[in-house]
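The next block holds one structure in the form of structure tokens; read it before the comments.
The values are calculated or read from the model by the stated rules, or taken from the named source; none is laboratory data. Predicted model only: the values in this text are computed from it and were never measured. Cβ coordinates were reconstructed from backbone atoms using ideal geometry, including for glycine residues, and neighbour counts include every protein chain displayed. The accessibility values were calculated without ligands, DNA or RNA, using every heavy atom of the protein model including side chains. Shrake-Rupley method; radii C 1.70, N 1.55, O 1.52, S 1.80 Å.
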Amino acid sequence: MKSSFWRERRIPLAWLLLTRKPLRLLVALAGICFAGILMFMQLGFRDGLFDASVTVHKLFDTDLVLMSPRSMSSIGMSGFPRRRLIQTMAHKDVEGITAVNWNFLLWRNPETLSTRSILALGFEPNDPLLKDPDFSKKAKALTMRGRVLFDELSRDEFGPIPEWFREGRTIETEVAGKRVRVAGLVSLGPSFGADGNLITSRETFLQLLPSTPVGSIEIGLVRLKNGSDSSLVAKSLRASLPNDVMVLTRQGFIDFEKNYWKTSTSIGFIFTLGAAMGFVVGSVIVYQILYSDVSDHLPEYATLMAMGYRLKTLLGVVAREGILLAVMGYVPAYITGSGLYALVRTSTKLPIAMDPQRAVLVFILILFMCMGSALLAMRRLVDADPAEIF
Amino acid sequence: MSFSVMKNKTYKDESKLAVEIDQLSHWFGKASTRRKVLDNISMKISTGEVVLLTGPSGCGKTTLLTLIGALRKVEEGSISVFGHQLRDSSRRTRQKLRRQIGMIFQGHNLLQCLTSEQNVQMGADLIKGLSYRSRRDQSREWLRVVGLEDHMVKLPHDLSGGQKQRVAIARALAARPKLLLADEPTSALDSVTGREVVDLLKKLALKNSCAVLMVTHDPRILDVADRVLQMEDGRLLNSTT
Ligand SMILES: Nc1ncnc2c1ncn2[C@@H]1O[C@H](COP(=O)(O)OP(=O)(O)OP(=O)(O)O)[C@@H](O)[C@H]1O
Ligand SMILES: [Mg+2]
């Protein structure tokens, strides 16, 4: 194998042709890199925004989620009978359940006294709710009536609650017109649907929202025993429960919410269009560069043909130029993209990061861009007439 | 598939024949602008022979060379190179045959992005079954033979006209051709350098038993030839030995 490698080894013509004019190469790479960064940012924003719609969804300590089939999304939840959740306990793989009430209530900013809609979650304070191990300690405070945990990552419009709380002040305000006291802070984060969150006991929740039908919940968390297959359990629960309840896996719950925002907003379209623009701009630049590269070297290609080189070999040189451009343009785009993600993450709290799927996607797009341009440039090469060079 | 002379034996006593042309005519242009540039040409070149082709500008010398070099399609008459008929040959056959034919152009036509050594190696790379190292060593050897051992890593840009033409000769010979076609290889050179280049070409061609067909305007180099062919207006006038 090694010997055949040495036999097949050739002068790296593609590389030498590309680097012959460093300035032109630099322009080409800048163009590809720019297109790559543009695609990284647009796709990153798109995914990041969709991820932002499920910031709270991701925090639940659960394997399966029960929901009403009439629920549309986090901003349009319907209730279902709590006993459906209790029925799941009959399944041998179910370890525990948590009933959650989920609704939007009006929060009064204690500083400005203006009101704003906040997502309120109600649950039994002794049941597990979030994956955060410190949470259950904080939840103890909710056993007293009229106490709430406030999400410190909520937007500022809800008032300077975190600052006041840390200063040791007693914070009392109105939620849905009823008096509550802030008993602690949690870190959840705002999402598409909710600018802020609060967590309270089921008892307090029902007190704040007396119109909630008795025995009705919006979300049922189902934790499974170690080693059980959540999609299998979901399947068997779906078969055994009546169809007034929907059984989703944890991922299914997240996807359900994301899908709502994907289909009901133009976020996906706008940012995919942005990425497509990057692709087009990059393609035009690479095509220009490769085309003029082939045109400039046409007499040299014709000489090689006259010497007995096959057209296929020469087309291979152009193809290799395309691949080289793709790789050399992608690397800086990847590095810059990762850096910009970190910058956006810290400055906007948008959950945006380099994920391998997107990294591969952008590379494939860049490769496609370069190879497509190389293919177009090859048409010029096919026209080269070796008889013209004498 | 090899292009050995023995294979495809169409000649009985003339197995040493490199080129045989029979009643070759060629036209350029279409319809009303169609013009005959080669008119009923017949000639033979044996291996090891150095043949010069002269004639006024526009008489069709380059056209004849490109036809022999399998760079153009033969329209009328026949050309056979090492026993291979070029008329109606496939593109692949012509491309393979070109590997047996070394070409030296009026302009040196070196690859600008390659050093002398790499340019010569583009010729050596056409030889099948040699390792990269031996192809490289051979290329260096050829450059030494043409007297450019001190200029191996220079780009064409940094070479003089005569040096470039010598690189082109080394490149053509590195592919071990059995036929060398040269179109005014000395026209860009002064007379002394031109003479040197032609002498070198002849010496190397003889040593490697390679037939040479060279187009030239330069009367001072006619004496290197075994034969001088005169062309005028697309016709071959005489052949002097
Ligand atoms: N591709 C072409 N298309 C049309 N006419 C051509 C083409 N190439 C050459 N000719 C014409 O054919 C004739 C012969 O050209 P050719 O190049 O063979 O001449 P030549 O003997 O090599 O001349 P010179 O000594 O100037 O190089 C010329 O009249 C030329 O104008
Ligand atoms: Mg000519």
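Tabulated results
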read-out: In order through region A:147-156: 3J(HN,Hα) via Karplus (6.51 cos²θ - 1.76 cosθ + 1.60), integer Hz, x for Gly, Pro; value: 9, 9, 9, 9, 6, 5, 8, 4, 5, 4
read-out: Cα-centre dipole for the protein assembly as shown with unit charges at Cβ (Lys and Arg positive, Asp and Glu negative), debye to 20; value: 1440
read-out: Label point at A:Lys131 placed 7 Å out along Cα→Cβ; residues across region A:179-202 whose backbone nitrogen lies under 18 Å; value: A:186-191
read-out: Heavy-atom accessible surface that B and A bury in contact, both chains counted, 1.4 Å, Å² to 100; value: 2900
read-out: Charge sum, other residues only, whose C-beta stays under 13 Å from A:Ser230's C-beta, Lys/Arg counted +1 and Asp/Glu -1; value: +1
read-out: Approximate spin-label separation A:Lys178-A:Leu343, in nm, with each point projected 7 Å along Cα-to-Cβ; value: 4.8
read-out: Under 5 Å, built H, 5+ apart or other chain: amide partners of A:Tyr309; value: none
read-out: Inter-part distance where region A:6-63 and region B:195-241 are each reduced to a Cα centre, Å; value: 58
read-out: J(HN,Hα) series, region A:297-308, from Karplus relation 6.51 cos²θ - 1.76 cosθ + 1.60, nearest Hz, glycine and proline x; value: 9, 4, x, 6, 4, 5, 4, 4, 5, 5, 6, x
read-out: Rounded, prolate or oblate (a/c below 1.5 giving rounded, otherwise prolate when a/b exceeds b/c) for region A:313-370 by Cα gyration tensor; value: prolate
read-out: Summed side-chain charge close to B:Phe28 - residues other than B:Phe28 whose Cβ falls under 11 Å, Lys, Arg +1, Asp, Glu -1; value: +4
read-out: Accessible-area ranking of A:Ser211, B:Ser25, largest first, probe 1.4 Å; value: A:Ser211, B:Ser25
read-out: Beta bridges by DSSP in the protein assembly as shown, antiparallel share as percent, to the nearest 5; value: 65
read-out: Non-local Lys pairs in region A:122-263, i.e. 8 or more apart or on different chains, that have alpha carbons under 26 Å apart; value: 13
read-out: Environment charge of A:Asn197, counting only residues whose C-beta is closer than 11 Å and scoring Lys/Arg +1, Asp/Glu -1; value: -2
read-out: Fraction of beta bridges assigned by DSSP in region A:69-244 that are antiparallel (%, nearest 5); value: 70
read-out: 20 Å Cα-Cα reach of B:Lys73 towards aspartates and glutamates, excluding residues that sit fewer than 8 places from it in its own chain; value: A:Asp383, A:Asp385, A:Glu388, B:Glu20, B:Asp22, B:Asp39, B:Asp88, B:Asp183
read-out: For A:Trp15, solvent-accessible area (1.4 Å; no DNA, RNA or ligand), Å²; value: 110
read-out: Accessible area per residue, Å², the protein assembly as shown with all protein chains present, probe 1.4 Å; value: 46
read-out: Förster radius 35 Å - calculated FRET efficiency between B:His157 and A:Leu376, Cβ distance, rounded to 0.05; value: 0.75
read-out: Nearest-10 value in Å² for the accessible area of A:Ile364, using the 1.4 Å probe; value: 90
read-out: Gap separating the Cα centres of region A:241-259 and region A:324-379, nearest whole Å; value: 34
read-out: Within straight-line cross-link reach of A:Lys58, aspartates and glutamates at Cα separation under 16 Å, skipping those fewer than 8 residues along the same chain; value: A:Asp47, A:Asp132, A:Asp151, A:Asp255, A:Glu257
read-out: Estimated vicinal HN-Hα couplings, Hz - region B:122-139 in sequence order (Karplus 6.51, -1.76, 1.60; Gly, Pro = x); value: 4, x, 5, 5, 6, 7, 6, x, 9, 6, 4, 4, 6, 5, 5, 4, 5, 4
read-out: Within 10 Å of each Cβ in A:299-305, the average number of Cβ atoms from other chains; value: 5
read-out: Simple spin-label estimate for A:Val331 and A:Asn226 in nanometres, 7 Å along Cα-Cβ; value: 4.5
read-out: Stokes-Einstein D for chain B, Kirkwood Rh over Cα pairs, 20 °C, 1.002 mPa s (µm²/s); value: 116
read-out: Value of [θ]222 nm, deg cm²/dmol, for the protein assembly as shown, DSSP H segments ≥ 4, -39500 (n - 2.57) each, nearest 500; value: -14000 deg cm²/dmol
read-out: Dipole magnitude of region A:1-112 about its Cα centre (Cβ charges: Lys, Arg +1; Asp, Glu -1), debye to nearest 20; value: 820
read-out: Total charge dipole magnitude, region B:97-241, about the Cα centre, Cβ charges on Lys, Arg, Asp, Glu only, Debye to nearest 20; value: 720
read-out: Fully extended contour minus Cα-Cα distance, from B:Arg35 to B:Asp88, at 0.36 nm per residue; value: 16.9 nm
read-out: Cubic angstrom per residue, convex hull over Cα atoms of region A:69-244; value: 120
read-out: DSSP loop trypsin sites (Lys or Arg not before Pro) with at most 16 other Cβ within 10 Å: longest gap in chain B; value: B:155-241
read-out: Radius of gyration and maximum dimension Dmax of the protein assembly as shown, Cα, Å; value: 40.5, 122
read-out: Sequence-distant residues sharing a close amide H with A:Val186 (under 5 Å, placed H); value: A:Phe150, A:Asp151, A:Glu152
read-out: Accessible surface of the protein assembly as shown, 1.4 Å probe, proportion on carbon and sulfur as whole %; value: 55
read-out: Interchain or long-range residues, amide H under 5 Å from B:Gly77's placed H; value: B:Ser25
read-out: Reachable lysines from B:Lys154, criterion Cα separation under 20 angstrom, eight or more residues apart if same chain; value: A:Lys21, B:Lys164
